[in-house]
Amino acid sequence: MRLALLVLVAAFGLAACGEKEQVVVYKQGKYQGKPDNRSWENDPLPADFRGGTWTKGDRSSWEESIKKRQLAQHEYRRIYQ
Amino acid sequence: MARMKFLCDSERCIECNGCVTACKNENEVPWGVNRRRVVTLNDGVVGAEKSISVACMHCSDAPCMAVCPVDCFYRTDDGVVLHDKDLCIGCGYCFYACPFGAPQFPQAGAFGLRGKMDKCTFCAGGPEPDRSEAEFRKYGRNRLAEGKLPACAEMCSTKALLGGDGDVIADIYRERVLRRGRGADLWGWSSAYGVKPGAQPPVQQPAATTGKS
């Protein structure tokens, strides 16, 4: 009886002590159950808005576009090359 | 795969709070909530004053995600840590868990009730259709979906605050350090903790015995 009670208390008491793995899973428009789109699934903005240019749905072209934007923060290369 | 991160160069930050203002403006963050703030050490001490811009660091092993009782956090393919405000119960566990104080809670009502958690989204919106009015109202602008970087990093006038793929911004910072000519002296343990380069770590002495058994 006492053992069963102990097991029951441990089961409830330690229930929050586990840690889920923080891996990225994207299934049917959801990240771990939370609905969201991925950036490259959008159309690029019109040119007037100075956004990136990529092909809708093409991840590598979006990454290439955002990388160009990141390198624009590198003033040594932006200015001297 | 990109891993979006922020990197703040304390040698360049001039505490202008431009990043804070850019964030507030871009995301229309409510009064009393600052997704980003500038922290200054040795304020007013000539030659020793350093500032650094702090927000959510989008941790690779995020403690907020680990402690959330309703599992409202998720990580995107770009490594951005986001949360679902429809699931958040405003308990504040994430605030206690976060080493950077990133989660913020708007005060709702006269008795200081906590609203739903708000934090830096790396300008990546949240779980609503991208670039929609609903997403903007809850989470702010989704600049990544526009092919842009976070407003704070792009607005930084001295380019102290860098935002983007961890590998790319680390390369930018590395080149800066090399050009400054102080290499290892500027980046690493000794600059962070004040130990002279080449110094040996202190040897731990065994605990003194009291003679009692």
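The values are calculated or read from the model by the stated rules, or taken from the named source; none is laboratory data. The model shown is predicted, which means the values in this text are computed figures rather than measured ones. Cβ atoms come from the backbone with ideal geometry, glycine included; neighbour counts cover every protein chain shown.
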Practice task
Return a yes/no flag: does the stretch B:170-184 have any residue that is surrounded by 18 or more Cβ atoms within 10 Å (Cβ to Cβ) and small (Gly, Ala, Ser).
Solution key: no
Fill in the blank from the handout: B:ALA62 meets each of (1) more than 10 Å from every other protein chain (Cβ to nearest Cβ); (2) over 30 Å from A:THR55 (Cα atoms) with one exception, condition (1)
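Of everything in the stretch B:45-70 that's part of a loop (DSSP other than H, G, I, E, B) and touching a Gly at 6+ places or on another chain (Cβ under 8 Å), which residue is farthest from B:GLN104 (Cα to Cα)? Write out each step before concluding.
From the stretch B:45-70, those part of a loop (DSSP other than H, G, I, E, B) are B:45-49, B:55-62, B:68-70; that's our starting set.
The next check asks that each one be touching a Gly at 6+ places or on another chain (Cβ under 8 Å); those that pass are B:58, B:60.
Details: B:HIS58: 15, B:SER60: 20 Å.
The selected residue is B:SER60.
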Completion exercise
Every listed condition ((1) more than 14 Å from chain A (Cβ to nearest Cβ); (2) under 28 Å from B:ASP167 (Cβ atoms); (3) acidic (Asp, Glu)) holds for B:ASP130 save (1)
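Yes/no per residue for (1) closer than 24 Å to A:ARG38 by Cα; (2) touching a residue at least 12 places away in the same chain (Cβ under 8 Å); (3) in contact with a helix residue (DSSP H, G or I) (Cβ under 8 Å, 6 or more places away or on another chain); (4) part of a loop (DSSP other than H, G, I, E, B):
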residue: B:LEU7; (1), (2), (3), (4): yes, yes, yes, no
residue: B:VAL20; (1), (2), (3), (4): no, yes, yes, no
residue: B:VAL29; (1), (2), (3), (4): yes, yes, yes, yes
residue: B:ARG35; (1), (2), (3), (4): yes, yes, yes, yes
residue: B:ASP43; (1), (2), (3), (4): no, no, no, yes
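Every residue, every condition in (1) touching a strand residue (DSSP E or B) at 6+ places or on another chain (Cβ under 7 Å); (2) aliphatic (A, V, I, L, M); (3) within 12 Å of chain A (Cβ to nearest Cβ), yes or no:
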position	(1), (2), (3)
B:ALA110	no, yes, no
B:GLY115	yes, no, no
B:THR121	yes, no, yes
B:ALA124	yes, yes, yes
B:ARG137	no, no, no
B:ARG141	no, no, yes
B:GLY164	yes, no, yes
B:ILE169	yes, yes, yes
B:LEU178	no, yes, yes
Problem - Within the stretch B:126-145, tally of residues that are free of Cβ contacts under 8 Å to residues at least 40 places away in the same chain and closer than 15 Å to A:ASP36 by Cα - result: 10
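Every residue, every condition in (1) of a type in the set (A, V, I, L, M, F, W, C); (2) at pLDDT 95 or above; (3) surrounded by 17 or more Cβ atoms within 10 Å (Cβ to Cβ), yes or no:
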site: B:ARG3; (1), (2), (3): no, no, no
site: B:VAL20; (1), (2), (3): yes, yes, yes
site: B:LYS24; (1), (2), (3): no, yes, yes
site: B:VAL46; (1), (2), (3): yes, no, no
site: B:GLU49; (1), (2), (3): no, no, no
site: B:SER53; (1), (2), (3): no, yes, yes
site: B:CYS56; (1), (2), (3): yes, yes, yes
site: B:PRO69; (1), (2), (3): no, no, no
Handout entry: Residue count for the stretch A:24-61, restricted to those that are surrounded by 17 or more Cβ atoms within 10 Å (Cβ to Cβ) and either facing chain B (nearest Cβ under 7 Å) or in contact (Cβ under 8 Å) with a residue 60 or more places away in the chain (or both)
Key = 12
Fill in the blank from the handout: Exactly one of A:GLN22, A:GLN28 is of a type in the set (S, T, N, Q), more than 20 Å from B:CYS123 (Cα to Cα), modelled with pLDDT under 90 and within 13 Å of the chain's Cα centre (by Cα), and that residue is A:GLN22
Completion exercise
The residue from A:LEU8, A:LEU3 that alone is more than 7 Å from every other protein chain (Cβ to nearest Cβ) and exposed (fewer than 10 other Cβ atoms within 10 Å of the Cβ) is A:LEU3
Completion exercise
Within the stretch B:80-125, the residues that are in a loop (DSSP other than H, G, I, E, B) and without any contact (Cβ under 8 Å) to a residue 12 or more places away in the chain are B:GLY109, B:ALA110, B:PHE111, B:GLY112
